[in-house]
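First the structure, in the form of structure tokens, and then the observations on it.
Please treat every number below as a calculation from the coordinates, not as lab data. Note that the structure is predicted; figures quoted are calculated from it, not measured. Every residue, glycine among them, receives a Cβ derived from its backbone with ideal geometry; neighbour counts consider all protein chains shown.
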Amino acid sequence: MLHAVLTIRRSSIAELRAEEHGLVEMNMATAQPGEPVAIDWEFYARAEADGAVDVLAVWGGRALVGYCVLMHFVHPQSGVRMATSCGLYVRPGADAGFGLRRLIDAAGEIGRAGGGQRFSVEAAIGSPLGRMLPRLGFRARTVNYEKVL
């Protein structure tokens, strides 16, 4: 099977913000249908400046076709060093399955290099990402319940 030529490299919140051209909105529409998109770019920039965020970009030629925003923190109740994806997306049609697997692998390596002991990814129930994660060695540990207030 042929795969599109995708390049995954470290990036920044500023580059993501400048180059995303609707990717964040597409991600939210897929992951959280019907939810508003209100990215707090300033929060991300501050967290990045503090060393708590890494950004990976997926490029298909000169177009940004995917990204991962990885947040690093110590869980306040367990003391476990975590790497958590706050945004993880590869545009459909950009060889998303192959590119997404590569992006998850790269994010996990950055999390490990940053001292992370666990890497978590949030996925909507029944989503393609949710079905892919167990095949990549992830296991469901908790379920997040929510209701509109």
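A few remarks follow.
- Applying 1/(1 + (r/R0)^6) with R0 = 25 Å to the Cβ-Cβ distance of A45 and R9 gives a FRET efficiency near 0.85.
- Compared with the alpha-carbon gap, the fully stretched path from S78 to R135 is longer by 17.9 nm at 0.36 nm per residue.
- Full extension of the chain segment joining A38 with S127 gains 29.9 nm, where the gain is 0.36 nm per residue of separation less the Cα-Cα distance.
- Whether the chain is rounded, prolate or oblate, judged on the alpha carbon gyration tensor where a/c under 1.5 counts as rounded: rounded
- Each label was represented as a point 7 Å from its Cα along the Cα-to-Cβ direction; for V148 and A29 these points are 2.0 nm apart.
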